[in-house]
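I have placed the structure first, in the form of C-alpha cells, so that the comments after it can refer back to it.
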Amino acid sequence: MKTINETNSQKEENEKIDWSIKNFEIGKPLGKGKFGRVYVAREIKSKYVVALKVIFKEQIEKYKIHHQLRREMEIQSSLKHPNILRLYGWFHDNERIFLILEYAHGGELYTLLRQNGFLSETQAATYIASLTQALTYCHEKNVIHRDIKPENLLLDHEGRLKIADFGWSVQSRSKRHTMCGTLDYLAPEMVENKAHDYAVDNWTLGILCYEFLYGAPPFEAESQADTFRRIMKVELSFPSTPSVSAEAKNLISRLLVKDSSKRLSLQKIMEHPWIIKNANPTGTCN
Ligand code: AMP
C-alpha cells in the first residue's frame, strides 16, 4: 500500500497541499463519536486509504471545544510513532472540519476485549509494551496523554496498537492541576485533584494491564463514590479466574502504587520479566 507520507519530500509536499473533500472518495462509516462521524476514505491521486473524521462547526461552537480541538490537532500531528495514530492533515468547508487520520483497520481494542472477555498474556503484554513505548515517546516530547482507555486504543490491520484521541492530552513541563479523564482509569492524585505529572499515565498502564487480563478495570464499582474510595485506598484484588501469572500480578502491583514517585518507570516496565517473556517484539498481535 502506498503511504501518504512515504518519503521526506513527499511528506513536505503533503503538508503543503490544500486538501479538500474533492481529493477523497468517501467509503463506509467507521463510527460515530461525540462530535462527529468517521468514514473510511481514499485519497484519489495516491489511492492511499485513510479515515476521515468529520466534525460539524456548529457542534464545536455549541460545546465550546475550539481550544481542545486545536490542541488535539496540533499535538497529534506532531507525534510520529508506530503506536500513535497519525493525523496527516486537516481542512474545512463552511460547515465542517475534516481530520485526515491514519486508518486503523482492526477497529477498537475495546471491541476485541468485550468479544473475548479478556486477553491472553501474550496479547496483553504486547499491548502494554506498545503503550509503554508510545508513552516514552510522548513523555520525551512533554506530552501527558491522561485519557488512555480501551475506547481510545485502535488496532491496525496487523493488530498493532495505535493510541488515538488526544482530546485530553496536555503539553506541559510543570505539574498540572486540571481534573479530567474517565474515573476508572484515574490515578489517586487526579481523583483528589492534586497536582499531577507523567506518572498518571504509568498508573493507567497498571489499570489497563489488569483490564486486559481480567476483562474489567480493578476499581470498578456500582457508584462513582465507591470507585473514588477504592482508588484512594488502592483496594486491589486479583480474582482466581481467569488464571493470571504471578509475574503479571507483580507488574500490576508495582504500577498501582498510590505514591506516584514509587510507581515503576516506563523503562522498568520494558525490563520487567513478564514483558520480556510475553511481549511480541514486533508489536503485532494477529
Ligand atoms: P471518535 O469520534 O474518534 O470517537 O471515533 C468514533 C469511532 O470511529 C471510534 O470509536 C472508532 O470505532 C472509529 N474510528 C475513529 N477513528 C478511526 C480510525 N482512524 N480508523 C478506524 N476507525 C476509526
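Residue 244 - would you say it is among the β-branched types (Val, Ile, Thr), open to solvent by less than 40 Å² (accessible area, probe 1.4 Å) and either over 30 Å from residue 104 (Cβ atoms) or touching a Cys at 6+ places or on another chain (Cβ under 8 Å) (or both)?
no
The criterion of at least 2 residues that are more than 25 Å from residue 142 (Cβ to Cβ) is met, among helices (runs of 4 or more DSSP H) falling completely within segment 186-258, by 199-214, 224-233, 246-255. Could we say that residue 108 is within 16 Å of the ligand (Cβ to nearest atom), in contact with a helix residue (DSSP H, G or I) (Cβ under 7 Å, 6 or more places away or on another chain) and over 20 Å from residue 199 (Cβ atoms) here? Taking the combined requirement at face value, the residue satisfies it. Considering only residues in segment 94-105 that are within 16 Å of the ligand (Cβ to nearest atom) and open to solvent by 20 Å² or more (accessible area, probe 1.4 Å), the one that is farthest from residue 22 (Cα to Cα) turns out to be 105.
Scanning segment 260-286 for residues that are under 16 Å from residue 210 (Cα atoms) and in a helix (DSSP H, G or I) yields a count of 4. Among the conditions (1) within 13 Å of the ligand (Cβ to nearest atom); (2) of a type in the set (A, V, I, L, M, F, W, C); (3) open to solvent by less than 40 Å² (accessible area, probe 1.4 Å), the only one that residue 91 does not satisfy is (1). Checking each residue in segment 27-69 for being over 21 Å from residue 155 (Cα atoms), in a strand (DSSP E or B) and within 11 Å of the ligand (Cβ to nearest atom) picks out only 55. Can you find a residue that is modelled with pLDDT under 95, part of a strand (DSSP E or B) and not charged (D, E, K, R) anywhere in segment 13-20? Taking every residue of segment 13-20 in turn, none turns out to be modelled with pLDDT under 95, part of a strand (DSSP E or B) and not charged (D, E, K, R). Candidates are the residues of segment 111-140 that are within 16 Å of the ligand (Cβ to nearest atom) and free of Cβ contacts under 8 Å to residues at least 40 places away in the same chain; the one that is farthest from residue 56 (Cα to Cα) is 115. Based on this model, can you work out whether residue 253 counts as among the small types (Gly, Ala, Ser) and surrounded by 13 or more Cβ atoms within 10 Å (Cβ to Cβ)? Yes, satisfied.
Pairing each residue of segment 60-88 that is within 20 Å of residue 283 (Cα to Cα) with any residue that is part of a helix (DSSP H, G or I) and of a type in the set (A, V, I, L, M, F, W, C), provided the two are 6+ apart or on different chains, yields C-beta distances under 6 Å for 81/134; 83/134; 84/134.
The values are calculated or read from the model by the stated rules, or taken from the named source; none is laboratory data. For clarity, every value in this text was computed on a predicted model and none was experimentally measured. Positions of Cβ are generated from backbone atoms using ideal geometry, with glycine treated the same way; all protein chains shown enter the neighbour counts. Surface accessibility is based on the protein's heavy atoms, side chains included, excluding ligands, DNA and RNA. Shrake-Rupley method; radii C 1.70, N 1.55, O 1.52, S 1.80 Å.
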